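Report on one structure; see the data block that follows.
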Amino acid sequence: MSKEQILEAIKGMTVLELNDLVKAIEEEFGVTAAAPVAAAGAVATAEAEQSEFDVILTNAGASKINVIKAVREITGLGLKEAKELVDNAPKALKEKVAKEEAEAVKAKLEEAGATIEVK
């Protein structure tokens, strides 16, 4: 029997028949269908220990020129691009950076007068 034939047979089963099939496979091979749930729990734990952060400019504040200068320094963008980014806040400035870098960027921009969010 090929994989395609097996898949076609499974497609034609009802939910109760599929449940019985899963139980029979668990008994026959000594496995459990709960293993993917445990793996999902491990993924959730890994997400809880976040290692990559996004730095988001939420508001340029009163000293917009200083914020634009800081954005240019941090991102390496030209004057026009940095101004557009600041004008279109909220916008992500840096994505998937280490916590230390995210905190440094946040401090520099807050010093310039911007409101920053780190996710």
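The values are calculated or read from the model by the stated rules, or taken from the named source; none is laboratory data. Remember, predicted model here, so these are calculated numbers, not experimental data. Ideal geometry is used to build each Cβ from the backbone, glycine not excepted, and the neighbour counts take in all protein chains shown. In case anyone asks, the SASA skips ligands and DNA or RNA and just uses the protein heavy atoms, side chains included. Shrake-Rupley method; radii C 1.70, N 1.55, O 1.52, S 1.80 Å.
Relative to the first principal axis of the alpha-carbon coordinates of the chain, what is the inclination of helix 99-112, with its axis defined by its Cα atoms, in degrees from 0 to 90 and to the nearest 10? Tilt relative to the chain: about 30 degrees. Packing here is the average count of other Cβ atoms within 10 Å per residue, and on that basis the peptides 96-103, 9-16, highest first, run 96-103, 9-16. Across the chain, the mean sequence separation of Cα contacts (distance under 8 Å, 6 or more residues apart), normalised by length, yields a relative contact order of 31 percent. In the chain, the longest principal axis of the Cα atoms and the axis of helix 35-48 are about 10 degrees apart. Rolling a 1.4 Å probe over the heavy atoms of the protein chains gives the chain an accessible area of 72 Å² per residue. Across the chain, Cα-Cα pairs more than 17 Å apart make up 68 percent of the total. From helices alone, the chain scores -19000 deg cm²/dmol at 222 nm; the rule is -39500 (n - 2.57) for each run of n ≥ 4 DSSP H residues, then divide by the residue total. Think of each Lys and Arg Cβ as +1 and each Asp and Glu Cβ as -1; about the Cα centre, that makes the dipole of the chain roughly 860 debye.
Spatially, the range 49-119 and the range 1-18 are offset by 53 Å when compared through their Cα centroids. Going by accessible surface with a 1.4 Å probe and the largest first, Glu95, Glu111 read Glu111, Glu95. For the chain, take the longest principal axis of its alpha carbons; what is the angle in degrees between that and the long axis of helix 15-29, to the nearest 10 within 0 to 90? Helix 15-29 sits roughly 80 degrees off the main axis of the chain.
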